[in-house]
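J.: One structure, as structure tokens, below. Some questions next.
The values are calculated or read from the model by the stated rules, or taken from the named source; none is laboratory data. Quick caveat, the model's predicted, so the values are computed rather than measured. Glycine gets a Cβ as well: all are built from the backbone with ideal geometry, and neighbour counts include every protein chain shown. With ligands, DNA and RNA removed, areas are computed over all heavy atoms of the protein, side chains included. Shrake-Rupley method; radii C 1.70, N 1.55, O 1.52, S 1.80 Å.
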Amino acid sequence: MQKHSLLNPKVLAILVLLLALVVSLMPFGGPSVAKAQGPQSEGMVCTNGPSFNLTSHDGYIGTPDGNVVYMWGLSSGSDSFQYPGPVLCVTEGDTVTVILHNTFDRDISLIFPGQENVLADGQPDGPIFSGVDLVSLAKVAPANGGSVTYSFVANDPGTFLYQSGTDPSIQVPMGLFGAIVVRPALHPDWIYNDADSAFNPNREYLSLLSEVDPILSQKMEAGLPFNSKNYHPRYWFVNGRGFPDTIAPNYASWLPGQPYGSLTMLEPWEATLNPLPAAIRYLSVGSIDYPFHPHGNNVRIVGRDGMPLESDTLENLAFDKYSIPVGPGQTWDALFSWHDPEAYSLANPVNVTFPNIMDMFFGPLFGGSPYLGEQGAIPVGVTSQNQCGEFYHIAHNHALYQITSWGVVMTGMATYTRIDPPNGCP
Ligand SMILES: [Cu+2]
């Protein structure tokens, strides 16, 4: 019921009020949010370089409306199909090598926006023409088993994309893309060579935003042509998953081709115990801007498109932003801290009278208390997946038709921020 009336302004207003209590109210029966069991359960998953073998695969992804969609993807080494491709992590100054292996019956290639002097098989790479017609933006790995070796020196720290340079209006939305993270050589826990971009290395996240037109996927699966004038995405993803799959752990067993979650986890900022923010690297391979925001919180933008926000005289030009309009092909590097300014607790209660427990609607992640680290009574029959009184807060694309999946609302390009009590979840 509530599911279908989310766009009703009255319901939205109520939702905002309830979010002020930082109560999760999303009505879904999705996967539980696993507590971090290790560095790979949540957070950005690095495939470490500087040498990579990427092989094209086709496969299927699950979408929140119960559909299964044919996709393409790039996988590291002998890994099976995945969407999106691996996050290639390298260090400033590395000579990065990417060997692309093509198993498809069409040529494919990769471009590396933001990287300079890219070589393909040892020669300067660039667009390839047949007469006046553009054939490819980069040297191709020929169809049916061909390969090509790209290399470049990763001179600049920051967040970058790699994506297909051949027939990109087809091959990018079909899934041939991924992220590159270049870490500063001397300060791997900074985003840039700037102390103001320092982050907590246990709290590093990536949100790679993408979209899928299932009709394009059907045409490719059937080997039929597709007219890009008819392109019409119906699915919107964070790290290749739609909500609520976005908040499932990395490598969730029921999402074999979609290995990356996007739940952001952090503890309240504290001057000595928890002074460093989380890092969130936003990227988009979509066709239009996505107004993505952490909902009720600002992030601090410290860089865009692999360039730190500073002047020629190294003046810090970082700024706070509520909605991050991640444009096609852009990357935005953000720092995120969660502050608990009123410090409400049982000893310092919120100065309102709470409704009777039976008059409230309880979401599956609400633990029965509005206070961080506390759990209270929940009505009989309500199941809570709350673990230790932690808070959940939505982060989503504010173009609300893009938090749908072929019409199913409150799915798609949305994920959660999880705030744990100051000492973590026991
Ligand atoms: Cu919002």
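J.: Can you pull out every residue in segment 48-72 that is part of a strand (DSSP E or B) and open to solvent by 40 Å² or more (accessible area, probe 1.4 Å)?
T.: N48, S51, N53, H57, D58, Y60, V68
J.: Taking segment 193-221 on its own, how many of its residues are polar (S, T, N, Q) and either in a helix (DSSP H, G or I) or without any contact (Cβ under 8 Å) to a residue 60 or more places away in the chain (or both)? Can you show your working first?
T.: Let us first name the residues in segment 193-221 that are polar (S, T, N, Q), namely 193, 197, 200, 202, 207, 210, 217-218.
Right, trim to either in a helix (DSSP H, G or I) or without any contact (Cβ under 8 Å) to a residue 60 or more places away in the chain (or both) and you get 197, 217-218.
Residues flagged as polar (S, T, N, Q) and either in a helix (DSSP H, G or I) or without any contact (Cβ under 8 Å) to a residue 60 or more places away in the chain (or both) within segment 193-221 amount to 3.
J.: I've got another one for you. Filter segment 161-192 down to residues that are open to solvent by less than 10 Å² (accessible area, probe 1.4 Å), assigned to a loop (DSSP other than H, G, I, E, B) and not aromatic (F, W, Y), then give me how many there are.
T.: Summing the residues that are open to solvent by less than 10 Å² (accessible area, probe 1.4 Å), assigned to a loop (DSSP other than H, G, I, E, B) and not aromatic (F, W, Y) in segment 161-192 gives 6.
J.: With the requirement that a residue be touching a helix residue (DSSP H, G or I) at 6+ places or on another chain (Cβ under 6 Å) and either more than 28 Å from Q402 (Cα to Cα) or not assigned by TED's automatic domain parsing to the domain that holds I280 (or both), what does segment 298-317 give you?
T.: Hit for segment 298-317 is N316, nothing else.
J.: Just the residues that are under 20 Å from F81 (Cβ atoms) and crowded, with 24+ Cβ neighbours inside 10 Å, please, taken from segment 124-160. If you could, list the steps in order and put the result at the bottom.
T.: First, the residues of segment 124-160 that are under 20 Å from F81 (Cβ atoms): 141, 143-147.
The one that is under 20 Å from F81 (Cβ atoms) and crowded, with 24+ Cβ neighbours inside 10 Å: A141.
J.: When segment 73-111 is examined, which residues are found to be under 11 Å from T55 (Cα atoms) and open to solvent by 10 Å² or more (accessible area, probe 1.4 Å)?
T.: Answer for segment 73-111, where residues must be under 11 Å from T55 (Cα atoms) and open to solvent by 10 Å² or more (accessible area, probe 1.4 Å): S76, G77, S78, D79, S80, F81, Q82, I99, H101, T103, F104.
J.: Still on this model: Can you name the strands (runs of 3 or more DSSP E) wholly within segment 222-312 that have at least 2 residues being touching a strand residue (DSSP E or B) at 6+ places or on another chain (Cβ under 7 Å) and within 16 Å of the ligand (Cβ to nearest atom)?
T.: So the answer is 235-238, 278-284, 290-293.
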